[in-house]
Amino acid sequence: MKSEILKLLKSTNEYVSGQELCEKFGVSRTAIWKAIEGLKKDGYEIEAVRNRGYKLAENGSDVFCQRELSSQIAGISLIKEAVFFDEIGSTNTEAKRRAEEGTAEGLLLVADRQTAGKGRRGRTWISPAGKNAYYTLLLRPDISPEKAPMLTLVMALSVASALEDMYNGGVRDEIKAAFGETSAEERSVKIKWPNDVLIGGRKICGILTEMSAENDYIQYVVIGVGLNIKPQEFAEEIADKATSIDTQWGITTKRCKLVADIMRYFEKYYKEFLRGESLRRLKSKYESFLINKGRGVLVLDPKGEYTGKALGINDGGELIVKKENGETVEVYAGEVSVRGIYGYT
């Protein structure tokens with residue numbers, strides 16, 4: 001019943017009387033009171049006014065739990081099952097385990113803390129509790145294995161699009177009023193190819209895509225995402241490159257809502273990707289966020305690093321770079337540094 005009461009309170013900005021709740025759910029006022037108290041213990045801020053009833057606070061606290069996750073992702077057809085963990089080793093590792101057991105596409109695992117978070121190239125992803133959001137999505141796309149890396153760009157675009165909605169929904173005007181037009185532009189959302197999402201030129205999101213495949217057949221793909229959300233301290237080696245959403249924007253982000261907003265965009269973009277099994281339909285949108293475009297880059301190629309100017313991406317998600325000698329190349333893999341963003345590191 002708590003979930004149904006929560007759904008009802010979320011559906012209106014008005015107070016809902018205790019009597020109305022009693023009649024709707026066929027229970028006593030005491031039962032309603034206990035349910036409301038339970039929701040408060042879960043972290044929901046609920047106003048209770050005599051002779052008026054109950055109402056969710058307009059600027060309620062960030063509630064990060066199974067109940068809120070289920071409430072927020074309702075209606076997203078891609079998500080068949082969503083599971084929340086207060087703590088887990090790694091959402092990617094758990095998603096792969098469940099995939100091996102036969103779990104269908106559309107499993108979403110979300111965690112408040114990871115004890116064995118994973119980054120690219122075997123690096124550790126620091127995953128403290130109460131600060132961020134960590135999630136993994138399980139997919140079983142009917143595409144060839146060599147096309148799977150494009151899904152990383154699809155997820156990066158989904159994250160950037162959801163954050164752009166927040167930015168345009170009032171954040172930009174608040175920053176502009178407080179710090180000026182230039183500062184607002186500097187704190188906009190960008191993507192550093194292929195999958196780092198930035199705010200103010202500093203990283204707030206990392207994405208790790210892993211795949212199990214046989215020859216020309218994909219068994220499954222898991223896409224893991226770590227979002228830096230609350231103000232926090234970062235390790236010395238990344239302190240000048242990393243930041244968080246709330247630090248950059250001076251807001252309090254509701255983590256379940258943000259994850260759900262990202263999933264809504266991913267559902268839309270995933271369909272577009274599958275239609276052509278390429279990024280052709282998404283390229284212009286992706287490039288609208290691409291901080292590399294038109295800027296100098298250092299490509300750390302195993303055959304030898306080189307510098308050039310990034311022109312955008314192709315339909316396969318490769319970065320198009322015009323080298324200083326005039327040659328145009330397409331970068332498929334490897335680290336790419338951006339002049340003036342992270343420096344050449």
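Would you say Thr209 is touching a residue at least 60 places away in the same chain (Cβ under 8 Å), over 26 Å from Leu78 (Cα atoms) and within 16 Å of the chain's Cα centre (by Cα)?
Working: touching a residue at least 60 places away in the same chain (Cβ under 8 Å): yes; over 26 Å from Leu78 (Cα atoms): no; within 16 Å of the chain's Cα centre (by Cα): yes.
Considered against the rule, which asks whether it is touching a residue at least 60 places away in the same chain (Cβ under 8 Å), over 26 Å from Leu78 (Cα atoms) and within 16 Å of the chain's Cα centre (by Cα), Thr209 comes out as no.
Does Gly170 satisfy being at pLDDT below 95 and surrounded by fewer than 18 Cβ atoms within 10 Å (Cβ to Cβ)? Walk me through how you get there before you give the answer.
On the way: at pLDDT below 95: yes; surrounded by fewer than 18 Cβ atoms within 10 Å (Cβ to Cβ): yes.
The answer is yes for Gly170.
Consider Ala35 carefully, then state whether it is touching a strand residue (DSSP E or B) at 6+ places or on another chain (Cβ under 7 Å), more than 26 Å from Tyr134 (Cβ to Cβ) and small (Gly, Ala, Ser).
Values: touching a strand residue (DSSP E or B) at 6+ places or on another chain (Cβ under 7 Å): no; more than 26 Å from Tyr134 (Cβ to Cβ): yes; small (Gly, Ala, Ser): yes.
Considered against the rule, which asks whether it is touching a strand residue (DSSP E or B) at 6+ places or on another chain (Cβ under 7 Å), more than 26 Å from Tyr134 (Cβ to Cβ) and small (Gly, Ala, Ser), Ala35 comes out as no.
What number of residues in region 70-113 are crowded, with 18+ Cβ neighbours inside 10 Å and either free of Cβ contacts under 8 Å to residues at least 24 places away in the same chain or not assigned by TED's automatic domain parsing to the domain that holds Ile218 (or both)?
Total meeting the criteria: 0.
For region 190-301, list the helices (runs of 4 or more DSSP H) that sit wholly inside it and hold at least 2 residues that are of a type in the set (A, V, I, L, M) and surrounded by 15 or more Cβ atoms within 10 Å (Cβ to Cβ); which are they? Spell out how you get there, then give the answer.
Numbers: elements: 245-249, 255-276, 283-289.
Qualifying helices (runs of 4 or more DSSP H): 255-276.
Return the pair list, or none, for Cβ contacts closer than 8 Å from residues in region 123-135 that are closer than 16 Å to Gly89 by Cβ and modelled with pLDDT of 95 or more to residues that are surrounded by fewer than 22 Cβ atoms within 10 Å (Cβ to Cβ) and of a type in the set (Asp, Glu), at least 6 apart or on different chains.
From region 123-135, the pairs are Tyr134/Asp112.
What's the number of the condition Lys40 fails, among (1) modelled with pLDDT of 85 or more; (2) surrounded by fewer than 16 Cβ atoms within 10 Å (Cβ to Cβ)?
(1)
Tell me, which residue of region 291-345 that is over 25 Å from Glu237 (Cβ atoms) and of a type in the set (Gly, Ala, Ser) is modelled with the lowest pLDDT?
Gly304
Of (1) touching a residue at least 24 places away in the same chain (Cβ under 8 Å); (2) under 28 Å from Gly106 (Cβ atoms), Gly169 satisfies all except one. Which?
Every condition holds for Gly169 apart from (1).
Residue by residue through region 136-154, note down the ones that are touching a helix residue (DSSP H, G or I) at 6+ places or on another chain (Cβ under 6 Å) and either at pLDDT below 95 or within 21 Å of Phe84 (Cα to Cα) (or both). Talk me through it step by step, then tell me what you get.
Taking region 136-154 and keeping what is touching a helix residue (DSSP H, G or I) at 6+ places or on another chain (Cβ under 6 Å), we get 136, 138, 154.
Thr136, Leu138 - these are the residues of region 136-154 that are touching a helix residue (DSSP H, G or I) at 6+ places or on another chain (Cβ under 6 Å) and either at pLDDT below 95 or within 21 Å of Phe84 (Cα to Cα) (or both).
Being touching a helix residue (DSSP H, G or I) at 6+ places or on another chain (Cβ under 6 Å), closer than 23 Å to Ala111 by Cβ and buried (at least 16 other Cβ atoms within 10 Å of the Cβ) is the requirement here; does Ile32 meet it? Outline the logic, then answer.
Working: touching a helix residue (DSSP H, G or I) at 6+ places or on another chain (Cβ under 6 Å): yes; closer than 23 Å to Ala111 by Cβ: no; buried (at least 16 other Cβ atoms within 10 Å of the Cβ): yes.
No: the conditions fail for Ile32.
The values are calculated or read from the model by the stated rules, or taken from the named source; none is laboratory data. Keep in mind the model is a prediction, meaning the values are calculated, not measured. With ideal geometry, Cβ positions are generated from the backbone for all residues, glycine too; neighbour counts draw on all protein chains shown.
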